[in-house]
Amino acid sequence: MGKRIAGVLRRRLRWRLRRTAGSAALVVLSVALLAWGRSEDGYNRDVLLNIGASVVIVALTYAIFDPLFEELRRSRVEEHPRLDDEEFSAHVAGATSMVAIMDTGSHLLEGGGRERFLNALRTALGNGVVVRVLLLDPDSAAASQRAEEIRPIDVRRVLVDNLRRLNEFATSLDKALRARFHVRIYDASPSIHMFRWDDKALISFFPIGARASASPHLEVFIASPLGDFVESRFDELWRHPSTRHLDEYVCLPLTVSRGPTVLRSCEVHFVAEGDEWCIDGSPMVDQLTDHGTGPLEVRLSRPLPVNGWAGTSFRLARVDGDEERMRVLALFDAKYGPRNVTGPGRARIALRLIPRLELLSGVGDVVSDDGAEVTGTA
């Protein structure tokens, strides 16, 4: 919130400095003309004095009325029947400072307009623009609720595909451009649909029964009260503790151990299947080949919610059965794209994470490593 207020103050300060500098320049010019006129005689003197006096009037008029015109300009709202993705892509390509998007799943990353939009983003990043994209978590309750509102559209599928496209785009950028490209995933009820470029934005709300991109949008200045409200909502979601970076959605850091010995530290791809989680074990294929899944322990860098509690220590189990394996591999394909097994990469190894017996607070039933039920105080 403090950074948002500071940004508003900086914009207002820059505008006031420009207005003050313009007024000062006109005053200096008028004084110079009047002084020059006093040193002349006859017709030249009359012309210079008249021009100098006119410039003084212009300077005073500018200083008095420009703030009023500026307030009227900023408070102006223009309505559009829908979001024109081609026009917005043009705004993005021509941006000079900031591009920000807040949506559930964006149609800009779908169909034939996707390449146009991504090329516009690349152009903006090359011009030094900071790009921030905020999309809804596909595994959140809010995504399920939104899916109920706009059936038959598969909101989760749209979100997963959007995030995959953004991740592919991010990995294609060089280091300098990548540092200005930021994607985060929020877990909250979507409230506002915003597409911003520099000091203007297109905003809408989420209608029932239709995608927000097909509903009317208001074009506003960020410095206006409505624009300031939308920017406030964006910043709140962007910094919320439950909002996570795209990297956290893509990869899961972990260590593989056998007893006290750490065998491997790596990052793996992972997907949610209902209340359970599966990982792609191909980065640890050597450890699996040497030891099998039974004696290995996997410890995660961050907890995953499983069966009502959040854990970081798991054992591994193969995803058995052709039908179940195909279903899990389809989840990986949707999130990361099909794996080209004929290329240098290895085929995916679908493994299920099984919670290990950990130190839990309170009394309850937990499952030990050998599958036995343990009752009592953990």
FRET efficiency, 1/(1 + (r/R0)^6) with R0 41 Å, evaluated for residue 242 and residue 263 via beta carbons: 0.80
Report the extension gain between residue 79 and residue 286 in nm, rounded to one decimal, defined as 0.36 nm multiplied by the number of residues separating them, less their alpha carbon distance. 68.6 nm
Förster radius 45 Å - calculated FRET efficiency between residue 347 and residue 175 (Cβ-Cβ, nearest 0.05): 0.90
Which residues qualify? For residue 268, with a placed amide H closer than 5 Å and at least 5 residues away or on another chain, they are 252, 254
If I stretch the segment between residue 144 and residue 90 completely, what's the gain in nm (0.36 nm per residue apart, minus their alpha carbon distance), one decimal? 16.2 nm
Can you list residues whose amide H is under 5 Å from residue 133's amide H, if they're 5+ apart or on another chain and H is modeled 1.01 Å from N? 101, 182, 183, 184
Nothing charged except the Cβ atoms of Lys and Arg (+1) and of Asp and Glu (-1): what's the magnitude of the dipole of segment 229-311 about its Cα centre? Round to the nearest 20 debye. 260
Ranking 118, 89, 107 by how far each Cα lies towards the positive end of the charge dipole of segment 77-146 (+1 on Lys and Arg Cβ, -1 on Asp and Glu Cβ), the top one is 118
For residue 91 the rounded accessible area (nearest 10 Å², probe 1.4 Å, non-protein molecules ignored) is 50
Residue 255 paired with residue 233, simple spin-label distance in nm, labels 7 Å along Cα-to-beta-carbon: 4.4
Just how much of residue 205 is accessible, in Å², when a 1.4 Å probe is used and the result is rounded to the nearest 10? 120
Kindly rank 117-123, 103-109 from highest to lowest mean number of other beta carbons found within 10 Å of each residue. 103-109, 117-123
Label-point separation, residue 333 to residue 188 (7 Å along Cα→Cβ), nm: 3.7
Over all viewing directions the Cα convex hull of segment 137-289 casts an average projected area in nm² of 12.3
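The values are calculated or read from the model by the stated rules, or taken from the named source; none is laboratory data. Note that the structure is predicted; figures quoted are calculated from it, not measured. Cβ sites come from the backbone with ideal geometry, for glycine too, and all protein chains shown count toward neighbours. Areas reflect the complete protein model, heavy atoms only, side chains present, ligands, DNA and RNA absent. Shrake-Rupley method; radii C 1.70, N 1.55, O 1.52, S 1.80 Å.
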